[in-house]
Amino acid sequence: MSITVATLKKGQKGVIKDFTDNDLPIKLLELGCLPGNTVELVQRAPLNDPIYINVNGSHIAIRTDLAQKIELDLIEADHQQ
Amino acid sequence: MSKNINVALIGNPNTGKTSVFNQLTGLNQKVGNYPGITVEKKEGICKLPRGTKAHILDLPGTYSLNTTSADESVVAEILMDNTNKDYPDVAVVVCDVENLKRNLLLFTQIKDLQIPTILVINMSDRMSRKGITLDIPLMEEKLNTKVALVSTRKKEGIERLKELIHNYKELSDEPSIDCRIIEPTYFSHLEKLFPDYEAYKLWLLVTQDVNFSPLTKKDPSEFDNLKSKSKADLKRLQHKETVLRYQFINGTLKESYKIDFRNAKGPRADLDKILTHKIWGYVIFIAILMLIFQAIYEWSGYPMDLIDESFAAMAEWTSNNLPPGILTDLLAEGIIAGIGGVVIFIPQIAFLFLFMALLEESGYMSRVVFLMDRVMRPFGLTGKSVVPLMSGTACAIPAVMAARTIDSWKERLITILVVPFTTCSARLPVYLILIALVIPEGAVLGFSYQALTLMSLYLIGFAASVLSAMVLNKFLKIKGKSIFMVEMPVYRWPLFKNVLYTVVEKTKSFVLGAGKIILAISIVLWFLGSYGFTKEFYNAEEIVTNRIEEEGFTPFTKTFIAKNLNSEESGEGEAIDLNFDLKSTRQLIKDENEDLYNTAVEQEIASFQLENSFIGYAGKAIEPIVAPLGYDWKIGIGVITSFAAREVFVGTLATIYSVGSDEEETIKNRMAAEVRPSGKPVFNLATGISLMLFYAFAMQCMSTLAIVKRETNSWKWPAYQLISMSIIAYLMALVAYQTLK
């Protein structure tokens, strides 16, 4: 299974690689969710949904069905700032 | 007088745009709706240097001109139509210094519409704490406009902003990026078709279904050419456009915006750890909710009693001091009582919106939405429905208004439609008196039956609202996919001024919006209760006096008299025998205590009059309908009058049973004494439960209907609520009575 925003663990970061769906809401992209930008999982709500992420400095909450569509390259912990 | 400068205030949500608006206009603001839609329109006047004035329009917060909601399309529509009377001479884009990169996306779009655009960088007071340094002159050069660095918290930079607005003609209207590079061949094709339009405006027209009349008037076949690309292609191009804009922004900020992460600190991470915690998050949320209920139930009780008493006193003064007649009655019992019925809600509404504004301003509300979203989802609701549903237990009116924060229309509509099922505080007086009447004392497992009944009624209300939400979610066919995307803003201390303005504005919109309808229905109900078309009604005084002369008082009035005589002669201990000889005692009472005698007569007349008024006839007319529920015509009248508001039920029964006192104990005793022709008590368990269930489900509140009409901008939804809820209530009451009797 590929790594997506939905599979991140709390505190983990990744760089956006691609979207599995071209139909991603434009609003998400406008908030800075673009390939090449970094995503960090800040918190998961109980029952693991929705999730609270920091992408490119924007702090947003999205549901996991949407998060599954954002593919990532994981950043290893020792690279974190 | 020169023309006011038209200014449009634009910005992402959570950038402090409203604070900037408040500082520019002060209390010189007006809140209304855009014609035909429920999007709030805020405008105000701002005094500029050298005697000029600006008309400021505070447009709804939006992330971009690629619109996804009604709020957002208002922004796009106004900015694209230069014949619109709100079309700005100059746009002011408000950004948050911490999210400048993202906020600039909207700025570049506005600038591409070739409107002179001033950039406001707000919350400059946070720069040093966040380790941010800005090179404003460089930024102005790169963005080709003027920048105002503002702190609404410290009231800095507003004067410079006013100066910039005053000199707006000096601003460049060059676009920030050339959007034709998104797809050169396609754009040249578009421009050939519509040579008069700017490239970006054409692009916006193609990519969204904005209702833009000047263009649609052209030859339809040409317009079809615009849509020559598939939806998926256009979406791909929109993605490309967003990437291009970010490239431009990154280039602009590279040298002019520096952030030193070593200096960045803030309470966000620490607070989030607690406030969105899997357990503590809920504990804190429930604690805050309880505080809000406390305020709405208890604290607002004092001002509400005060309002109640003042209006009662005002009505009494009017009827005592003005010449008697229809006009005085109308004023005292119709208009003053009606206005009182509106004003009485103000404390609850003000309290609720005080808390809402505090939660919203501080950034906490987004965390609640985050915590509750998963829980609400199976019911077709969203995390944002939680606050309205919870507030509904106090009063449905502020709760319906609170649903405005939900951006998906379908979810908002469902929330509005199901809120009235939650047990509001107006149901309490009805429940309490019925429970005391029909539910036996005693306990099971330490819980009293009466308390358990009350709790069940709350649970029934809650279940009814979530279940009907589920049903509505299935059957409501409303277009528009809802995208759950909530920004989690930084935590901030709420600004007193913003909170105050919100409370004042929401209260005003309730009083002016729903208030008119409530007043109108109150007057109608007063008329129906105070007039009749029969001889009996107009000769009530004579008929009742004669009856008392011949037959004496009704048994209940006798009890009333005896009680009052006893309490006056307290200490003597000698109770008057209730089976006293009617005539002589009447004489005795009349001689000894004329006031008491007159009160007793007046009560009987009032009761007789109500019975013979239009409403009395209505009660008798609906008796066949309500009889299967176990109600007689007297309860029928109560059901009709309590359409105004549920709590009126108790008062109406008091009048109809000629109790002449609002004291609960007295009314209860009187209700307990009421018998059917068969000799059995009217208020037995079956009737009691049937009535409680009726009030649990029925839409017995015209104020809620009025506010739903206001919020949905149509009579369709309140009518739907009234009809469906009444049917459910009727069926529930029917089943309960027929099973229990």
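Some points to look at:
- Pick from the range A:55-72, criterion in a strand (DSSP E or B) and open to solvent by 10 Å² or more (accessible area, probe 1.4 Å), ranking: nearest to the other protein chains (Cβ to nearest Cβ): A:His59
- Annotation for the range B:283-300: no member residue is within 11 Å of chain A (Cβ to nearest Cβ) and at pLDDT 75 or above.
- Residue match in the range B:68-86 (condition: among the acidic types (Asp, Glu), more than 14 Å from chain A (Cβ to nearest Cβ), in a helix (DSSP H, G or I) and closer than 25 Å to B:Ser714 by Cβ): yes
- Taken as a whole, the range B:381-404 holds at least one residue that is buried (at least 22 other Cβ atoms within 10 Å of the Cβ), within 14 Å of chain A (Cβ to nearest Cβ), in a helix (DSSP H, G or I) and in contact (Cβ under 8 Å) with a residue 24 or more places away in the chain.
- Some residue of the range A:1-14 being touching a Gly at 6+ places or on another chain (Cβ under 8 Å) and facing chain B (nearest Cβ under 7 Å): no
- B:Glu411 meets each of the listed conditions (1) farther than 21 Å from B:Thr704 by Cα; (2) not assigned by TED's automatic domain parsing to the domain that holds B:Val650 apart from (1).
- Scope the range A:28-54; condition more than 7 Å from every other protein chain (Cβ to nearest Cβ) and assigned to a strand (DSSP E or B); matching residues: A:Thr38, A:Val39, A:Glu40, A:Leu41, A:Arg44, A:Ile51, A:Ile53, A:Asn54
- The numbered conditions (1) surrounded by fewer than 16 Cβ atoms within 10 Å (Cβ to Cβ); (2) modelled with pLDDT of 75 or more; (3) more than 17 Å from B:Phe694 (Cβ to Cβ) are all true for B:Glu604 except (1).
- Residue match in the range B:138-157 (condition: more than 27 Å from B:Asp260 (Cα to Cα), at pLDDT 90 or above and buried (at least 24 other Cβ atoms within 10 Å of the Cβ)): no
- Some residue of the range B:707-715 being at pLDDT 90 or above and either surrounded by fewer than 15 Cβ atoms within 10 Å (Cβ to Cβ) or of a type in the set (Asp, Glu) (or both): yes
- Selection of first residues in the range B:626-637 that are open to solvent by less than 10 Å² (accessible area, probe 1.4 Å) and of second residues that are outside any helix (DSSP H, G or I), restricted to Cβ pairs under 6 Å at least 6 apart or on distinct chains, gives the following pairs, ordered by first then second residue: B:Gly636/B:Ile622.
- Residue count for the range A:2-52, restricted to those that are surrounded by 14 or more Cβ atoms within 10 Å (Cβ to Cβ) and farther than 23 Å from B:Glu98 by Cα: 15.
The values are calculated or read from the model by the stated rules, or taken from the named source; none is laboratory data. Note that this is a predicted model, so its numbers are computed, not measured. FYI the Cβ positions are ideal-geometry reconstructions off the backbone, even for glycines, and counts take in every protein chain you see. Calculation scope for accessible area: heavy atoms of the full protein, side chains included, ligands and nucleic acids excluded. Shrake-Rupley method; radii C 1.70, N 1.55, O 1.52, S 1.80 Å.
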